[in-house]
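Participant: There's a structure below that I have some questions on.
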Amino acid sequence: MTGWIVLGVLLLLLAAVIIYVIIIYNGFVALKYNINQDWSNIDVLLKQRYDELPKLIKVCEGYMQHEQKTLEAVIKARSAINSTSSDHDRMQAQSILTDTLKSLFMVVERYPELKADTGFRQLSNRITEIEDQIADRRELFNASVTIYNTRLDQFPDVIVARLFNFAVRELWKIDPVHRADVEVSFQHM
């Protein structure tokens, strides 16, 4: 009789461990797909920005004959996105495109006629709106990655994570150059 009780307790413990492992595994799967969904949401916005850029460049070309380098940098950054294969490379290419867009908008300040152009204003407002949405989605993506990576390192989840080869995901990071203080100077007339 005692043997059956011990066997029953051991089977219950084994069932509890198996159920617990399944719960942890399913939690990792849910987090992984949540990260993928967050990335897809960013990708939708990146595609919208990618599609809007040729229109913006076309409007700018008529006004900015002397700023060919800036326009070429935007075009080059835009085409670099297509040649990326990994998430890391894609994130870097998107960061470079964001940088070149910032340079373009800074150069535009020297062209009042361009700034006054209705088409340019609409496109630049649209791209600025998309950039803001991308920033929001990057925050959400990084929050999801942080939750996932934290669970990968927590005990007992780390055992299940290693058992089923769940890998650490990379946060979307900005270029260290963007962390530097911005130099502001006022010109006296």
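The values are calculated or read from the model by the stated rules, or taken from the named source; none is laboratory data. Model, not experiment: these values are computed from the prediction. Virtual Cβ from ideal backbone geometry, glycine too; neighbours counted across all protein chains shown. In case anyone asks, the SASA skips ligands and DNA or RNA and just uses the protein heavy atoms, side chains included. Shrake-Rupley method; radii C 1.70, N 1.55, O 1.52, S 1.80 Å.
Participant: If I fit a long axis through the Cα atoms of helix 2-63 and take the longest principal axis of the Cα atoms of the chain, what angle between them do I get, 0 to 90°, rounded to 10?
Facilitator: 10 degrees
Participant: Let me ask you something else. State in Å² the accessible area per residue of the chain; use a 1.4 Å probe, count heavy atoms of protein chains only, and round to the nearest integer.
Facilitator: Using a 1.4 Å probe on heavy atoms only, each residue of the chain averages 66 Å².
Participant: Hey, any idea what % of the chain's accessible area is carbon plus sulfur with a 1.4 Å probe?
Facilitator: 60 percent
Participant: Sticking with this one: As I understand it, the dipole of the chain uses +1 on the Cβ of Lys and Arg and -1 on the Cβ of Asp and Glu, about the Cα centre. Which of 59, 1, 20 lies farthest toward its positive end?
Facilitator: 1
Participant: Please compute, for the alpha-carbon atoms of the range 1-103, the extent along each of the three principal axes and give them in descending order in Å.
Facilitator: Between the extreme Cα coordinates on each principal axis of the range 1-103 lie 94, 19, 18 Å.
Participant: So what's the angle, to the nearest 10 degrees on a 0 to 90 scale, between helix 87-108 and the longest Cα principal axis of the chain?
Facilitator: Tilt of helix 87-108: around 20 degrees.
Participant: Using 1/(1 + (r/R0)^6) with R0 = 41 angstrom and r between the beta carbons of residue 76 and residue 153, what's the FRET efficiency to the nearest 0.05?
Facilitator: Efficiency, rounded to the nearest 0.05: 0.55.
Participant: For the range 130-174, which GluC sites (Glu not before Pro) are both in a DSSP coil and crowded by at most 14 other Cβ atoms within 10 Å?
Facilitator: Filter output for the range 130-174: 170.
Participant: Hey, if you drop one equal point scatterer on each alpha-carbon of the chain and run the Debye formula without solvent, what base-10 log of I(q)/I(0) do you get at q = 0.12 Å⁻¹?
Facilitator: Evaluating at q = 0.12 Å⁻¹ gives log10 I(q)/I(0) of -0.73.
Participant: Further question on the same structure: Please give the charge dipole size of the chain, origin at the Cα centre, charges +1 on K and R Cβ atoms and -1 on D and E Cβ atoms. Round to the nearest 20 debye.
Facilitator: Charge dipole, the chain, about its Cα centre: 360 debye, nearest 20.
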